[in-house]
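The values are calculated or read from the model by the stated rules, or taken from the named source; none is laboratory data. Keep in mind that what you see is a predicted model, and the values were worked out from it rather than measured. For neighbour counting, all protein chains shown are included, and Cβ atoms are generated from backbone atoms with ideal geometry for every residue, glycine included. Quick note on the areas: whole protein, heavy atoms, side chains included, nothing else; ligands and nucleic acids left out. Shrake-Rupley method; radii C 1.70, N 1.55, O 1.52, S 1.80 Å.
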Amino acid sequence: MENVRVGVIGMGNMGSQYAGMLEKGEIPGMELTAVTRVKREPPKGVPVFHTAEELLEYDNLDAVIIATPHYLHEEQAIRAMKRGLHVMCEKPAGVYALQAERMNAEAEKQGIVFGIMFQFRANPLYQKLRELVNSGTYGPLRRVNWILTSWYRTEDYYRSAPWRATWKTEGGGVLLNQAPHNLDLLQWICGMPCRIQAHCQEGRWHHIEVEDEVTAYMEFPNGATGVLVASTGDYPGVDRLQIDLEKAQIICEDGKLYIRSSEDKKTKQTMELCPEKCEKPYHRMLENFRDAIREGKPLIAEGTEGLKSLRISNAMYFSSWKNQMVDVPVDGEAFWRELQGKISQSQEH
């Protein structure tokens, strides 16, 4: 079976990592055949193009990995899809849900493979948690609380690139840059919330114009509720996910699952599970992308999943801007108009 020929668009931290993996042959059945311009030493023997547009005109490609700033994802992905190229896109799929909707529509129209790099799904810890929640063994969801303050970032981090942490160039803060993984896991494990009330605090811990702390209350279709607290200002921070089901409480923390069921009330026993670690989640995602292209296997995270997490973050932003509870999804055009107001006041650093 022939190798899948891959181009990498965006050679920053993540793009360079993907290119290095492919160049070293760490993903059997995939080969690196093109990259966009790089700041460091380019891969040997691989054509380097100045722009994504130039790379996408190159004939020696079957697929692309997009690892550029968020606003560029839609345009570059759709251009690639129209060329018949399969697409793996870094999270988030875009800045606002309308972008992801258009990307998914084009992928369906062209009949290509479109995946989102939600590598946390490759972690057996979250796979087991999803299995436990959705098995029905412990009954329906009642409550979910996620304290997510382990995404600590320094002031230097926000100054490391001019596109970071502005509404105009990045499109958001912790919800759009760090927490998309967690928003994806939240809906993947617990389902989509139907209503949200959020408070996004902009520049609370850093000299930035976007949010670096969020507290959100959520309601689910079955009446369950949830709270998410996310921040890049706490050190060392914590990552503690607690899910209350009708017959059990499950806590996910420090790579372990702790389960206390209603049957254990008298003994107060807690079951501890330590799923094996996924040492190379990015490799797993690219191997899955390869298999989807060559063999038609299901993706771990297809493009439609990227739309779901964006609908959650868009609702959190919209709720905070309007200071009211909102339905999920929010009206895409209304959200876009509000975002334009933020962009009009944006200052690049």
| remark: Restricting segment 20-45 to residues that are in contact with a helix residue (DSSP H, G or I) (Cβ under 7 Å, 6 or more places away or on another chain), part of a loop (DSSP other than H, G, I, E, B) and at pLDDT 95 or above, the one farthest from Glu295 (Cα to Cα) turns out to be Glu26
| said: Take Arg102 and tell me if it is modelled with pLDDT under 95 and either open to solvent by 40 Å² or more (accessible area, probe 1.4 Å) or not hydrophobic (A, V, I, L, M, F, W, C) (or both). | reply: no
| note | For segment 127-155, the count of residues that are outside any strand (DSSP E or B), surrounded by 15 or more Cβ atoms within 10 Å (Cβ to Cβ) and of a type in the set (S, T, N, Q) equals 3
| field | Total residues in segment 291-344, condition polar (S, T, N, Q), farther than 22 Å from Ala198 by Cα and outside any helix (DSSP H, G or I) | value | 0
| request: Tell me, yes or no, whether segment 261-270 has at least one residue that is open to solvent by 40 Å² or more (accessible area, probe 1.4 Å), over 21 Å from Gln119 (Cα atoms) and in contact with a helix residue (DSSP H, G or I) (Cβ under 8 Å, 6 or more places away or on another chain). | output: yes
| field | Flag for Leu185 being of a type in the set (A, V, I, L, M), out of contact with any His (no Cβ under 7 Å at 6 or more places or on another chain) and in contact (Cβ under 8 Å) with a residue 12 or more places away in the chain | value | yes
| task | Give segment 287-302 a look and list any residue that's touching a residue at least 60 places away in the same chain (Cβ under 8 Å) and either open to solvent by 40 Å² or more (accessible area, probe 1.4 Å) or not small (Gly, Ala, Ser) (or both), or say none. | result | Glu287, Asn288, Phe289, Arg290, Ile293, Arg294, Leu299, Ile300, Glu302
| query | Is there a residue being closer than 16 Å to Lys128 by Cα and either modelled with pLDDT under 95 or surrounded by fewer than 15 Cβ atoms within 10 Å (Cβ to Cβ) (or both) anywhere in segment 195-217? | reply | no
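Yes or no, residue by residue, for (1) closer than 25 Å to Glu302 by Cα; (2) among the acidic types (Asp, Glu); (3) under 19 Å from the mean Cα position of the chain (by Cα); (4) in a loop (DSSP other than H, G, I, E, B):
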residue	(1), (2), (3), (4)
Gly171	yes, no, yes, yes
Leu186	yes, no, yes, no
Ile189	yes, no, yes, no
Pro193	yes, no, yes, yes
His199	no, no, no, no
His207	no, no, no, yes
Glu213	no, yes, yes, no
| said: I want to confirm something. Restricting to segment 41-63 and keeping residues that are in contact with a strand residue (DSSP E or B) (Cβ under 9 Å, 6 or more places away or on another chain) and acidic (Asp, Glu), which single residue is least open to solvent (accessible area, probe 1.4 Å)? | reply: Asp62
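Condition check ((1) closer than 27 Å to Lys308 by Cβ; (2) open to solvent by 30 Å² or more (accessible area, probe 1.4 Å); (3) free of Cβ contacts under 8 Å to residues at least 12 places away in the same chain; (4) not hydrophobic (A, V, I, L, M, F, W, C)) across all residues:
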| position | (1), (2), (3), (4) |
| --- | --- |
| Lys39 | no, yes, no, yes |
| Ile65 | yes, no, no, no |
| Tyr71 | yes, yes, no, yes |
| Pro92 | yes, no, no, yes |
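Could you identify the single residue in Ala105, Ala100, Ala165 that is of a type in the set (Gly, Ala, Ser), touching a helix residue (DSSP H, G or I) at 6+ places or on another chain (Cβ under 6 Å) and not in a loop (DSSP other than H, G, I, E, B)?
Ala100
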| remark: Of the residues in segment 73-90, those that are closer than 15 Å to Glu170 by Cα and open to solvent by less than 10 Å² (accessible area, probe 1.4 Å) come to His73
| Candidate set from segment 303-328 (those that are hydroxyl-bearing (Ser, Thr, Tyr) and open to solvent by 20 Å² or more (accessible area, probe 1.4 Å)); member that is farthest from Val87 (Cα to Cα) | Ser320
| Quick one: would you say Arg284 is surrounded by 13 or more Cβ atoms within 10 Å (Cβ to Cβ), in contact with a strand residue (DSSP E or B) (Cβ under 9 Å, 6 or more places away or on another chain) and among the charged types (D, E, K, R)? | no
| message | For segment 108-126: of the residues being within 30 Å of Cys252 (Cα to Cα) and in a loop (DSSP other than H, G, I, E, B), which is modelled with the lowest pLDDT? | response | Asn123
